[in-house]
Amino acid sequence: MNNSGKKILIVDDEKAIRLGLSKCLKASGFETFEAGNGNDALLLAVEHLPGIIILDVMMHGLSGLEVCRRLKQDANTRDIKIIILSAKGQLREREEGIEAGADRYITKPFDYRELIKTINQLLGVE
């Protein structure tokens, strides 16, 4: 796996969620960096070109769905794998996430082991 695959951008407006995810992912050997809003997420994605972005849907300013759409429309970031992690889990909301370009849609609360398994699948390391 190239080095960018080990980099994960965590985007959530709740600091506690970012910290929890970061701790779990670092323990599993990933390098993490964080954004608390959609605009910062777009900037960091271009700057770091992570292998994976874990993206919350409900944020102030740009929603996670809009961030996802913009990343997938940009030639520089379209190949980054995106996991939407959201409290919204109805079928229509999941469909909106996939239509926006997300590679996976996981609802909160979630199991960290399943998240790591999903990340490894997306990175092709399983």
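The values are calculated or read from the model by the stated rules, or taken from the named source; none is laboratory data. Bear in mind that the values here come from a model prediction, so they are computed numbers and not experimental data. Counting neighbours? That spans all protein chains shown, and the Cβs are built from the backbone with ideal geometry, glycine included. Just so you know, the surface numbers come from the protein's heavy atoms only, side chains and all, with ligands and any DNA or RNA stripped out. Shrake-Rupley method; radii C 1.70, N 1.55, O 1.52, S 1.80 Å.
The residue that is farthest from I52 (Cα to Cα), counting only those in region 1-15 that are at pLDDT 95 or above and of a type in the set (A, V, I, L, M), is V11. Could you tell me whether any residue of region 65-82 is open to solvent by 30 Å² or more (accessible area, probe 1.4 Å), closer than 18 Å to E14 by Cα and not acidic (D, E)? Checking region 65-82: not a single residue is open to solvent by 30 Å² or more (accessible area, probe 1.4 Å), closer than 18 Å to E14 by Cα and not acidic (D, E). Being in contact with a Pro (Cβ under 7 Å, 6 or more places away or on another chain) and either at negative phi or part of a helix (DSSP H, G or I) (or both), is that true of even one residue in region 89-100? Scanning region 89-100, I find no residue that is in contact with a Pro (Cβ under 7 Å, 6 or more places away or on another chain) and either at negative phi or part of a helix (DSSP H, G or I) (or both), so the answer is no. Could you run through region 43-58 and say how many residues are part of a helix (DSSP H, G or I) and open to solvent by less than 20 Å² (accessible area, probe 1.4 Å)? Qualifying residue count, region 43-58: 1. Residue-level check: of (1) farther than 18 Å from T107 by Cβ; (2) assigned to a helix (DSSP H, G or I); (3) under 14 Å from the mean Cα position of the chain (by Cα), C68 misses just (1). Answer yes if at least one residue in region 43-65 is over 14 Å from the mean Cα position of the chain (by Cα) and charged (D, E, K, R), and no otherwise. Checked against the condition, which is being over 14 Å from the mean Cα position of the chain (by Cα) and charged (D, E, K, R), region 43-65 yields at least one hit.
Of all the criteria given as (1) closer than 13 Å to V11 by Cβ; (2) open to solvent by less than 70 Å² (accessible area, probe 1.4 Å); (3) at pLDDT 95 or above, the one not satisfied by D103 is (1).
For the condition hydrophobic (A, V, I, L, M, F, W, C) and outside any helix (DSSP H, G or I), what is the one hit in I10, I17? Break it down into steps so the answer makes sense when it comes.
On the way: I17 fails: outside any helix (DSSP H, G or I).
That would be I10, the only listed residue that is hydrophobic (A, V, I, L, M, F, W, C) and outside any helix (DSSP H, G or I).
If you scan region 3-32, which residues turn out to be polar (S, T, N, Q) and either open to solvent by less than 10 Å² (accessible area, probe 1.4 Å) or free of Cβ contacts under 8 Å to residues at least 40 places away in the same chain (or both)? Those that are polar (S, T, N, Q) and either open to solvent by less than 10 Å² (accessible area, probe 1.4 Å) or free of Cβ contacts under 8 Å to residues at least 40 places away in the same chain (or both): N3, S22, T32. Taking (1) under 12 Å from the mean Cα position of the chain (by Cα); (2) open to solvent by 50 Å² or more (accessible area, probe 1.4 Å); (3) modelled with pLDDT under 95 in turn, L85 satisfies each apart from (2). Scanning region 33-42 finds one or more residues that are without any contact (Cβ under 8 Å) to a residue 60 or more places away in the chain, surrounded by 22 or more Cβ atoms within 10 Å (Cβ to Cβ) and over 11 Å from the mean Cα position of the chain (by Cα).
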